[in-house]
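Asker: Structure in structure tokens, see below.
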Amino acid sequence: QIGDYSKAQSIAKQIPDSLLVENQIRGALIDLWGKVGSVDEAKLIFDKIRQPNTIEYTTMVNSYGLNGMGMQAIALFHQIPRELLDEVTYVCALNACSHSGLVGEARLIFKNIEMKTMRIYSTM
């Protein structure tokens, strides 16, 4: 985690707007802003995406979770199309529940995971 807003801002300013159409760049920026506690910046990027992919959804869920915004993380998690859910998405959602004391919600998510991996079990 970078943890330093000014460094994050410096990094983000160096990325040309023309690269913001790249999924990996958008995902990295959402992750960057979430890790320095600037969820609003992460959400600005996320909200510009017409059809988020798994990485973009997951990094936004994780950004909320890292910043104690479990309810927002879970609300977004429930908006993710089922076919885009993967192990990392489930882990981030469960971690968001953990960081916000949402035990009941974590149990509900866990119960509805069809293919539970060791990583998902250990997160739970």
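The values are calculated or read from the model by the stated rules, or taken from the named source; none is laboratory data. Being a predicted model, the structure only gives us computed values, none of them experimental. Glycine gets a Cβ as well: all are built from the backbone with ideal geometry, and neighbour counts include every protein chain shown.
Asker: Output the number of the condition that residue 28 fails; it satisfies all remaining conditions of (1) surrounded by fewer than 21 Cβ atoms within 10 Å (Cβ to Cβ); (2) hydrophobic (A, V, I, L, M, F, W, C); (3) under 30 Å from residue 104 (Cβ atoms).
Answerer: All conditions pass for residue 28, except number (3).
Asker: Checking residue 60 against (1) crowded, with 22+ Cβ neighbours inside 10 Å; (2) at pLDDT below 95, which test does it fail?
Answerer: Of (1) crowded, with 22+ Cβ neighbours inside 10 Å; (2) at pLDDT below 95, only one is false for residue 60: (2).
Asker: I would also like to ask the following. Return the pair list, or none, for Cβ contacts closer than 6 Å from residues in the stretch 47-76 that are within 13 Å of residue 94 (Cβ to Cβ) to residues that are among the charged types (D, E, K, R), at least 6 apart or on different chains.
Answerer: Pairs found: 74/105.
Asker: Within the stretch 44-52, is there a residue that is in a helix (DSSP H, G or I), in contact with a Ser or Thr (Cβ under 6 Å, 6 or more places away or on another chain), at pLDDT 95 or above and not hydrophobic (A, V, I, L, M, F, W, C)?
Answerer: First, the residues of the stretch 44-52 that are in a helix (DSSP H, G or I): 44-47.
Those still in the list that are in contact with a Ser or Thr (Cβ under 6 Å, 6 or more places away or on another chain) too: none.
No, there is no match, as no residue in the stretch 44-52 is in a helix (DSSP H, G or I), in contact with a Ser or Thr (Cβ under 6 Å, 6 or more places away or on another chain), at pLDDT 95 or above and not hydrophobic (A, V, I, L, M, F, W, C).
Asker: Please pick out the residue among 89, 54 that is buried (at least 17 other Cβ atoms within 10 Å of the Cβ) and farther than 16 Å from residue 124 by Cα.
Answerer: After applying the criteria, what remains is 54.
Asker: Shifting gears a bit: I'd like to verify a number: residues in the stretch 5-37 that are in a loop (DSSP other than H, G, I, E, B), under 19 Å from the mean Cα position of the chain (by Cα) and more than 24 Å from residue 51 (Cβ to Cβ), how many?
Answerer: So in the stretch 5-37, the residues in a loop (DSSP other than H, G, I, E, B) come out as 14-16, 22, 36-37.
With the extra rule that they be under 19 Å from the mean Cα position of the chain (by Cα), the set shrinks to 22, 36-37.
Now narrow it down to the ones that are more than 24 Å from residue 51 (Cβ to Cβ): 36-37.
Residues meeting the conditions: 2.
Asker: Right, another one. Collect the residues in the stretch 88-124 that are assigned to a helix (DSSP H, G or I), over 21 Å from residue 55 (Cα atoms) and among the aliphatic types (A, V, I, L, M), keeping them in residue-number order.
Answerer: 103, 108
Asker: Going by what's in this entry, would residue 100 be described as more than 12 Å from the chain's Cα centre (by Cα) and either surrounded by fewer than 18 Cβ atoms within 10 Å (Cβ to Cβ) or over 26 Å from residue 11 (Cα atoms) (or both)? Let's see the steps before the verdict.
Answerer: On the way: more than 12 Å from the chain's Cα centre (by Cα): yes; either surrounded by fewer than 18 Cβ atoms within 10 Å (Cβ to Cβ) or over 26 Å from residue 11 (Cα atoms) (or both): yes.
The answer is yes for residue 100.
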